[in-house]
Each structure stands twice: as structure tokens, then as C-alpha cells.
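Heads up, the thing below is written out as C-alpha cells.
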DNA sequence: CGAGCATGGTCAAAGGTCAA
DNA sequence: TTTGACCTTTGACCATGCTC
């Protein structure tokens, strides 16, 4: 067992030269496995230790560092003490040496990442507070010279999540604290999706080439990568706000569902599917895509107004033009159950894009072949993971889990509204009070 | 996941082990062994210490603390004893286990601050002195596994004072000598829900008292806590498998939706709502509750058969008896989109119960008052957090996130099927080909 | 009453975080 | 990408007070 230091020694040490007393518990230090750094062969037998006896086998550096460590033990750094490396104000003894925050962090990072630096001059660069970042080779060398001890560096600790206060008291369980996994793959996925989201925005304002049915649209090359070749469509851009007409509704429905198909074709996993499975996914999702984009990208004019990109708007109690007899109104529900929650949850564009991808790859889509189900489920999992990482990296696990959960549970409301819409479309067909566009019909109507 | 220590082990160990041994058997246990398995076989019951007799009149906490004290009295930690958690040098017996300072402090802090950790991997991280800080979830789990006892944690040091004297003088005030161990909030939520789930199972086989409409059912005391007073209903128990008739369907629909109301009334947050908001939540969820329980508790007879508790079953291509003209069949969808995914995802009963609670508290339920929305959303968040913790504790983050996500996205399919069902009910009303029970109608039919 | 030990508390120095 | 001010977590050490 290690002996504890007697207090008198401590105070003596603080004032003057270190007396040969104890050593900090080397046994409790992590055994760093760094090349070129040898560990003490035996972790101190027992009983009392003295510097002289135990340091007989040490090289100069080790002796030096143990002295510093002893000094550091239980003793605050004196007021005004300077960093032994750069002469900035020291914040304490770090790795055995009075040093500043910067040099402390620099030393750890260098060791942990096993970096090697090369001096651009002659290896004799000055290291002080003002130019300490100029030469990393010489800064690191200085760290070692003044006795910073790589053995004092521990293994990776568990992640702790955001340190900046989340301000909002998420009433209840702020108790949770946990890891935030950062995965590169997830990040890449999100970046891709966000990029495609941008392309969709461009395509939204282009003249879309005519197609003859959904199948043909699925066959053509993806338009999203050719937006520059397409003509600009002036009817899609904002000029003024005005109450939407049924023509606006129709135009945007068709346009958005065309974009949905182009968007779907950007997924490799989608392109690998058989045409019937592609059709199944698209038919399952197209109107949702339409709906989600409409409300997400609607400029915020309060909770009672959905605004299209060209300025046409729909009110909570909608104008006569967009009402059809026999159809239940779904605009208030779009506002209450999708638009407002999106805003309340503060969904970012990246989150929105990733959410759509997870929604799109639905293994339970109607008529999806058994064979495709697995691939689709796997693809969904990819986007679910990416979405989770995206959200929790910003908010931390406790709050992130709730946002992630709330967002995913919105799918229930969304699907419910979609069902309502389908019912409406059937009413339209039945009473012929509005001619449904053939393209839209093909995508939205249930086969009976 | 969390392991509780079984009391007998301590007594047995304390009294039974040879004098020179103490407790090192714990430390030398293989790290993977479960406490219930490895601790129980303590050879000799209590010996000369007569712990059992002296503790017969004490409550659990006192029993424990006195045992610790006796233990401490008699036996110092042997020289060179290792920490049962991380194999560092032990500094003594802490919370019943030979352990180092670090693990001791870590355990106390975790309990006191009610923290929950989530493993970044699969919950099987190694814990030793070099990497003990790498995964806090696994370190804490190891603490519990080797038998650290949360009940030994006091939170007011000064009140531990005259334990013995108080116990002798006045019985009663000694209960707060040591604070009741603080259980993890999420875990408590899940345990509660699972308990209620069990009560629902009982109620499912009882004769339910007649009620006059949903409002009345909401007013009455919750039946779930009075199942013992209710008569057993023999028509609800299994006798043989047989094709379900429309009467089976009807009986179970009514029954399950009655249970839904009783179930809802077990939530404090629900009881705090105004009656109209209660009605809104119940109307929004009752059929979902019905549907979910039906498929979740259906005995597994393959992917093409839903089996009721009394043995009545419905096939994928259902028997004539349960088909109604004009109604779209929703049984295959129930199987494909709910029953099979539940089984594939390996949803446990605890997960199922927590999922239902999160689903129930829907801030977007139709007609929910603005005032209630916030409370309902907050309540949902509670269950979402609990569900996440439940899942990731077992599976770790990467896999858990996907299971959590997939489960929540099932709400879309479920809601879609519910919408289909509502449509069917409207058809039934319209064509009068089946008389919908008034109770069911009140809960399921959209007001127009 | 003092010896012995397991409690909780303390705080310097570890590591993590994230805006710049 | 790197930096470093600022944050949380850790654990050696300390004081306390129970039990014998």
C-alpha cells in the first residue's frame, strides 16, 4: 500500500526545495503505450518510498517530473506563477509542470494523437506566449524539456455531452448524461442529403420536362444533377402574396411529386430496387414528400398560414377557392400537426432532409416485395442513425432523444393526414367535382 | 439491467467466511458472473455473530448498515486486495465491496446525482484500472454486479448519528437514518408501466361492470386496482382454437377499449387533465390500444394468424364471418405492418408498455385544448426518454437507436391502419351492414 | 475512552467541448 | 484544422462519527 505523505513535508515542499518523501501513486496511473516511453518496470513494492532510492534507476527527465508532481500534489500553483513552457499565466500544475491551459491541452493532444512535428528552422525557436503557436515542434520539445510527463496522460474517457448550458430547463430528467457518439459515416450521409436538398430547391423553380406517367419518370436520368440545363419557370417564384387558387394547389402538387421522384432517384439503394419496388416506395411517399416540403419551406407567417414559394397562401379557414364539397379540410391539421410542431421542435434543414430519407425507406410500404423489405429496412436504419447523431451532437442525449422521438412520432400525424387526403381524392373522383391530374392520381390513389 | 443485491449474501458471507479471508471472494470473481448466481452459494449461515437474530427487529437499512459496521470492525481489507470493480488496489470495503477510492466515489456520485449512462457500444465494455473511465455505463454496471449497495449511501452525513440509541428508545424515527436509495427515474417509470400492464392482463379476463357511455367510464374509480373484486369472465379464456366470429371481434373490441380507459386513468398526468382533454386523448388512442394489444399478445402462430386470448383466430385471408361488404380488409396490414415488425424487433413487454404510453400522450390529438398540449407533450417526452433508456441499456447506442427509431416510426403504419378502420366504420354506419356498438362508436367515430 | 474503519466532502488536475 | 477558455469528472486526501 502506498504511504501517504505527512503533512509537514508538504508545507515544507511548498516553500522550498522538495524533500525526499513520497511519490504520487504511479500504480494508479494509466500505462500509456507510447513508443519510446518506457514505464517503470515494477509498480512500487510497498512501504515507504524515497526519491533517492526509487529514482536511482530513472533518467533525468523522470526524476525531474516526479519532483514536479510532488510539488503539484495538493498544492495550488502560487499566485502569478508563469507557464514553464510559454511564460503565460499558469493555471495549475499540469502533467507535473506549472503551465497554462493552452500548453496543457497542446501537450495532451499531441501525445494522444501521436503527432510528430518538424521544425522549419533549426529547432531552436523561441516559445513564448505570443509566438507559442508558431512552431509546434519547438513548443512540444519545450514541453518535454520542462518536464511534462506523458505518463500522466490517461486513456480516453467517456464522452460527456454538451457543456454549454442548454438554457431551457427540460423539466424533469436533466439527470441523464451520456455519450454522444460521433460517427463520420453519419456525417457524410447528412451532408449528402443536405446537398441534394439544395438541388431540390433549384429544381423547384425549373420547367420540368413532360413525362408520360410515373414509370417513365423513374426511367429517366435524374434531373437534379442537370438543373443548369433546365429553363427557369417564372410562375414558381415569389412576386407577391395572394390567396391561393385551386390552380396553385394543383401546380404545386404536381411539381412537388415530380421532384419527389427525382429526389428518390438520388439514392443508390433506391436505384438498386426492382421497378415495382421503386414504384411502391414512391407511391407510398410522394404525397408525404409534397406535404412535408410545403409546410417546412413555408415562410413563417404565423400559425394560421401556409405560404407557397410563389407567394400563394392558404389560411386556416381557407378561402372558397380551395374548398371542395364533400372533402374534409386538412389544412388546419397540416398547420397544427406538422407545420407548428416543426417550428416548435426547431427542425433544421439537415434534420429535415434526413428525416425524409428515413420516412421514404419504409419497409412496410404497400406492395413492397418481400425481398426488398430487408434492404429497405437496412437503409432506413442508416438514416435513423444519422438523424440521431445529428440531433444529439447538438443537443446531447437527454434532450436529443426527446427531439428525435418527437420527430419520429410525427409520422403518425402525418400519415393520418395523408389518409385523410386520400379519402378526399376518392371523393373527388366519385363526385367529379375536381379533376385529379393523372400523374397525381397514379401516385396517390389506392388501387382497389 | 440494474441488479439489486440480495440481502442474504451479505449475512452469509459475513458470518460464514473464515476469519482470515474477509470478503476477497467477490473481488476474485470472474467479471462476467451475475451477482445473484455467484454470491448466493455462501457455505455457512450466520455463525457466532448472530446477525440474523439481532437484525430481526430492524428494517432493511439498519440491518445493512450494522452489518457493514460489524464487517468493518472485524476485518480490515487484506494487504494487496484488489478493487472488485477495476482491479486497482482496494482501499477498503466500500458499500459492501472491496474497492478503490475511485470506484467508491464514482458509485456514490452516480447514485446521488441519479445519473444514467448509456454505453456507446454493446454494454459489455471491459472495466479495469487503465480504462475504467472509458465507459461509465459499464463501470456502474460492474459496481452493481460485484454487489455495491446503493442502500449503504447516506445523503445527510450528520443524521447518521445515534442509530443504535434511537432504535432502542423510539422506533419510527430511525427510518431516515439512511436515505432510501434513489432509483433511476426512467427505470421507475418503466416498472410502473409494466406493473399496470400486468393488471390489464387480469382485467382482460374479468366481467366489466356496465357503464353508460365513455364519460361515465372516465368518472368511475379505476378498475385496474380492484380486479380482485370483479368476477371472472369465462368467455375470455382459452379453451380451443377456432375461427373468430363477428361476435368475437365485437366482444374484444369493446373489452379492449374499456380496458384502455381504465389504463388511461392510471396516469396521474391524465387524471389532471380536464374531462374534455381526457376524452380527446382516449378517443385518439382507444382503437390503437385495442389493435396493439391484440397483435402484441397474439400467441405466435406464424405470420398469417392473429389469435385472440380466447382462442378465436383470424387468418390472413379471413373467413367469411368477419368480412363486411364495402370494407377494406385490414387484417393483413395488421399482420404485416404491426404484428410481424413487433416480433422482428423483439419488442419486450416493458418496451411495449412504455411505447403505448408515449403513443397515448399525443399533443396533436384532435380537439385537445391548447392548454393541455404542453403538459401532454412533456408527458410524452418522459416516456420517450424512458423507452430510449430501456432499449439502449440492453443494446447499446448504435443498435438501440435503430430499434427505438423503427419502433417509433411504426406509428405511421399504425395510424394508417387506424384511419382505414375508421373509414370502414363509416361504411358500416352508412350501409348499416353491421351495427357498431354505441360505446365503440363514441370512441372511434369522427365527429363531423 | 481510544482504536479502527467506512462514511461523505473537498478541490487540484485530469479530460471533454465548441466557438473562434 | 487547430487552438484554448471554459466546463465536467475524477480520485487522493481529509474530517467525521459509529462500533466495539
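The values are calculated or read from the model by the stated rules, or taken from the named source; none is laboratory data. In this text the structure is predicted, and so the values were computed from the model without any measurement. Quick reminder, even Gly has a Cβ in these numbers, built from the backbone with ideal geometry, and neighbours come from all protein chains shown.
Among the conditions (1) touching a residue at least 12 places away in the same chain (Cβ under 8 Å); (2) under 25 Å from residue B:430 (Cβ atoms), the only one that residue B:316 does not satisfy is (2).
No other residue among B:344, B:356 is more than 12 Å from chain A (Cβ to nearest Cβ), on the phi < 0 side of the Ramachandran plot and in a helix (DSSP H, G or I) apart from B:356.
Entry remark, the range A:361-377: residues being touching a residue at least 40 places away in the same chain (Cβ under 8 Å) and either within 11 Å of chain B (Cβ to nearest Cβ) or outside any helix (DSSP H, G or I) (or both) number 7 in total. Of all the listed residues (A:85, A:77, A:127), the sole one being within 9 Å of DNA strand C (Cβ to nearest atom) and assigned to a loop (DSSP other than H, G, I, E, B) is A:77.
Residue count for the range A:89-109 satisfying the condition of being within 32 Å of the chain's Cα centre (by Cα) and touching a residue at least 12 places away in the same chain (Cβ under 8 Å): 7. Does residue B:395 meet the test of being more than 10 Å from chain A (Cβ to nearest Cβ) and at pLDDT below 95? Yes; evaluated as a whole, the condition is true for this residue. How many of the residues in the range B:381-392 are surrounded by 23 or more Cβ atoms within 10 Å (Cβ to Cβ) and within 7 Å of chain A (Cβ to nearest Cβ)? Here the count works out to 4. Just so you know, in the range A:99-124 the residues that are within 16 Å of DNA strand C (Cβ to nearest atom) and loosely packed, with under 14 Cβ neighbours inside 10 Å include one that is farthest from the other protein chains (Cβ to nearest Cβ), and it is A:115. Among residues of the range B:123-141 that are assigned by TED's automatic domain parsing to the domain that holds residue B:397 and without any contact (Cβ under 8 Å) to a residue 24 or more places away in the chain, none has a beta-carbon under 8 Å from a residue that is in a helix (DSSP H, G or I) and within 15 Å of DNA strand C (Cβ to nearest atom) at least six positions away or on a different chain.
The set of residues in the range A:208-245 being assigned to a loop (DSSP other than H, G, I, E, B) and either within 26 Å of residue A:278 (Cα to Cα) or not assigned by TED's automatic domain parsing to the domain that holds residue A:318 (or both) consists of A:208, A:209, A:210, A:211, A:212, A:220, A:221, A:222, A:230.
Residues that are within 20 Å of residue B:396 (Cα to Cα), near DNA strand D (Cβ under 9 Å from one of its atoms) and assigned to a loop (DSSP other than H, G, I, E, B) within the range B:88-116 comprise just one, B:115. Residues in the range A:131-161 that are touching a helix residue (DSSP H, G or I) at 6+ places or on another chain (Cβ under 7 Å) and either within 11 Å of DNA strand D (Cβ to nearest atom) or not in a loop (DSSP other than H, G, I, E, B) (or both): A:132, A:139, A:140, A:143, A:150, A:158, A:161.
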